[in-house]
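Have a look at the structure below before the remarks.
The values are calculated or read from the model by the stated rules, or taken from the named source; none is laboratory data. Owing to the predicted nature of the structure, the values given are computational and were not obtained by experimental measurement. Using ideal geometry, Cβ is built from the backbone for each residue, glycine included, and neighbour counts are taken over all protein chains shown. Surface areas here come from the heavy atoms of the whole protein model, side chains and all, with no ligands, DNA or RNA. Shrake-Rupley method; radii C 1.70, N 1.55, O 1.52, S 1.80 Å.
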Amino acid sequence: MSDDDTVLEARLPEGETFDPPEAFIEEANVTDPEIYEEFEENWPACWETAAELVDWDREYDQVLDASDPPFYEWFTDGKLNASANCLDRHLEDRGDEPAIEWVGEPTDEADRTYTYEQLHREVNEFAAALRDLGVGEDDVVTVYMPMIPELPIAMLACARIGAPHSVVFAGFSAQALSTRMNAADSSYLVTCDGYYRRGDPLDHLEKANEGLDGVDYDVDATVVVDRLGPNGDGFGHDLADGQHDYATLIADHEGATVAPVSRDAEDMLFLMYTSGTTGQPKGVKHTTGGYLSWVTWTSQAVLDVKPEDTYFCAADIGWITGHSYIVYGPLSLGTTTMMYEGTPDYPDNDRLWEIIEEYEATQLYTAPTAIRAFMKWGEEYPDRHDLSSLRLLGTVGEPINPRAWKWYYTNIGDEACPIVDTWWQTETGGMMVTTLPGICEMKPGAAGPPLPGVDAQVVDAAGEEVEAGRAGYLTIQKPWPGMLRTLYRNDERFIREYWAEYSDLDSDDMDDWVYSPEDGAKIDEDGYITVLGRVDDVLNVSGHRLGTMELESAIVGVEGVAEAAVVGGDHELKGEAVYAYVITEDGYEGDETLRQRIVDGVESAIGPIARPEQVIFTPDLPKTRSGKIMRRLLENIANGEELGNTSTLQNPGVVEDIQEKVRDA
Ligand code: WT7
């Protein structure tokens, strides 16, 4: 067993199983277990099942064109528009039904409901405004907004005119915004003045403006939504030249309609930047036909979404979860999707339960990190509310420990809701490994079997399937419609990062190409996959992906820092937390002042989500004889684990010193 395997094995959960509740099965969207076999036999034609859920302007010719792997094309020559699928096609039957129920953070502020009719109207008006500002088909529009209705409106308006959006999470820093705009050559920005966080207004426009200063070219136009209100908590910003007030644009385009642009199935719908092993974020490119089919089908099959539901995903639209499962999937199915602006602990720890009770939400989809926090706060908070409207619970973003799973099952689901533990990634577009809630038994801690038609396998370093129960690496052996098509303007990095490990790069045969998500996993006798965590230099902090290189370059950018190594340490709530080992420059003290400057440096380079939990100053870092930093050892130290043999180190003496510092911290 290699070193890697030992670490992976140590994270394995206990075994116990649960059957899906009878009452749920009776009403479930998908209940026929034959689906697994049928999809396997009919692959790739099985994906017509997904494509049929979408309205096409022109039918596609071929389900899959695999002539040039890994540049797969799905539903070739089909034409469609994502905004028409999410809005126009529901107007006749569901025009007066709520599309979005929005709850702001301040409890004294009125909630906002957008019916399909109203959402359609505002998306059209904003699409017309964007066009007038000069946005053309295929121009990338950056959207830097928190959880306010104008965020999905902007996304759908872009989709309507065929302009790919690139949404940047509002919690990201100014610098992160400039990096992403520059990388995408994006000349348009939609943002807002501010938003609320735990009762306080935050100045978002200041950050956006600072980000704009870091863009290498002149941006053509910026649109600013006034979220805080002119007399309320606004920060009194004047709009600069080229900056437009959103409400004025909407008023100027009152009643305007824009015919949805018929996009090729393979035309880009959006870009989403995500962290990788280098400092430069990766621009994951998703296209229109495959992505929309994938998120629509998985919303229906896995989240069991029905039009009459009030579906609540508590993620942020700034991440892929929100793109796929707050906006595109649910709206494509014509259901009611909830949006909540704030955090679950404001004004009190029962805020989510209060919202679920008030709106009679039918599904809740959230992250294990949130569930662990709920568990810590105690069941008295959910107990205050009637949660009996819930039919299904979901989790995503990181492995869920069986204890948190059971707490969720009992205290939120009242043992009457199936839980879907969904493994997927920004790159996969939508869910890949999860139980089907009306069919499969549930095993807490294991995500489940791959979805029907998804060929996921756990392999060893040589690419051979491992035995049941042994740790290995998760791979996807066949393409799927929701997959990323490339990294924006970087086909070479796309191949290197996702395909090079297990594929025959010279082959034109699809069977020789294997997708590598960089996760450790094991599979059991029933084909259930337990995901063990990342195997590359990427941390998963509260379900957010952070590259160690990004963090390290932010830290060495701080005056007084000579060298830094970042690893993930286990954290009760966050799953993983950022541990930074820092060597100071001559003449600098590793003191509280420098620690604070390092924390600030990381926050301004990335954002508060990346804030180091621990900064450990050390005169040296453990290195191999060839000079490589021993990250595994630093991880073991962070977690207070046994270290094993350190005698092969260049500088074994440093280890004890660091251990002591971590213990004392
Ligand atoms: C990474 C992808 C998927 C949307 C949110 C995160 C981890 C995701 C699970 C799960 C164990 C999971 C993996 C994956 N992950 N879901 N159910 N069980 N791990 O998207 O930022 O692209 O991160 O999140 O490590 O590779 P992302």
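Values computed for the structure shown
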item	result
Highest average packing first - 608-616, 626-634, Cβ atoms within 10 Å	608-616, 626-634
Cross-link reach list, lysines versus K522, counting only Cα pairs under 28 Å and skipping chain neighbours closer than eight places	K282, K406, K443, K478, K574
Distant-in-sequence amide H partners of M339 (H built 1.01 Å from N, under 5 Å)	E101, W102, V103
Student exercise, the stretch 538-664 dipole from Lys, Arg, Asp, Glu Cβ charges, in Debye to nearest 20	500 debye
Positive-end extreme of charge dipole, the chain - chosen from V224, V561, V305 (charges on Cβ)	V561
V284 long-range amide H proximity, modeled H, under 5 Å	M272, Y273, T274, Y488
Note, ³J(HN,Hα) from phi for the stretch 45-55, Karplus 6.51, -1.76, 1.60, rounded to Hz, x at Gly and Pro	4, 4, 6, 5, 4, 6, 5, 5, 7, 10, 8
Protection proxy ranking of 237-246, 494-503 - average other beta-carbon atoms within 10 Å, highest first	494-503, 237-246
Carbon + sulfur, % of accessible area of the stretch 512-665 - ligands and nucleic acids excluded, 1.4 Å	44 percent
Length-normalised contact order for the stretch 460-534 - Cα pairs under 8 Å, 6+ apart - percent	37 percent
Those GluC sites (Glu not before Pro) in the stretch 278-358 that DSSP places in a loop and that have at most 16 other beta carbons within 10 Å	E308
Solvent exposure of the chain as accessible area per residue, Å², 1.4 Å probe	38 Å²
Protection proxy ranking of 190-197, 26-33 - average other beta-carbon atoms within 10 Å, highest first	190-197, 26-33
Percent of beta bridges antiparallel (DSSP, the stretch 538-664, rounded to nearest 5)	80 percent
Of the chymotrypsin sites (Phe, Trp or Tyr not before Pro) in the stretch 21-94, those whose Cβ has at most 15 other Cβ within 10 Å and which sit in DSSP loop	F71
Cα extents of the stretch 370-425 along the three principal axes, largest first (Å)	34, 24, 16
Average Cα contact separation per residue, the stretch 538-664, under 8 Å, 6 or more apart, as relative contact order %	22 percent
Computed [θ] at 222 nm, deg cm²/dmol, the chain (DSSP H ≥ 4; -39,500 (n - 2.57); rounded to nearest 500)	-8000 deg cm²/dmol
DSSP bridge pairs, the chain: antiparallel proportion in percent, nearest 5	60 percent
Amide H within-cut-off set for S166, under 5 Å, with H built and near neighbours excluded	V141, T142, V143, L271
Between the stretch 561-575 and the stretch 578-637, the Cα center-to-center distance that results, in Å	8 Å
Two-site FRET efficiency, K628 against R198, from Cβ-Cβ distance with R₀ of 41 Å, rounded to 0.05	0.45
Backbone HN-Hα couplings from phi across the stretch 337-350 [Karplus 6.51/-1.76/1.60, Hz, Gly and Pro as x]	10, 8, 9, 10, 6, x, 9, x, 9, 10, x, 9, 6, 10
In Hz, Karplus ³J(HN,Hα) per residue of the stretch 416-424 (6.51, -1.76, 1.60; θ = phi - 60°; x = Gly, Pro)	10, 10, x, 10, 9, 9, 9, 8, 6
Shape category assigned to the stretch 541-656 from the gyration tensor of Cα positions, a/c cut at 1.5	oblate
For the stretch 460-534, size of Cβ-based charge dipole, Lys and Arg +1, Asp and Glu -1, in debye	540 debye
Around D200: net Lys/Arg minus Asp/Glu count, Cβ-Cβ under 12 Å	-1
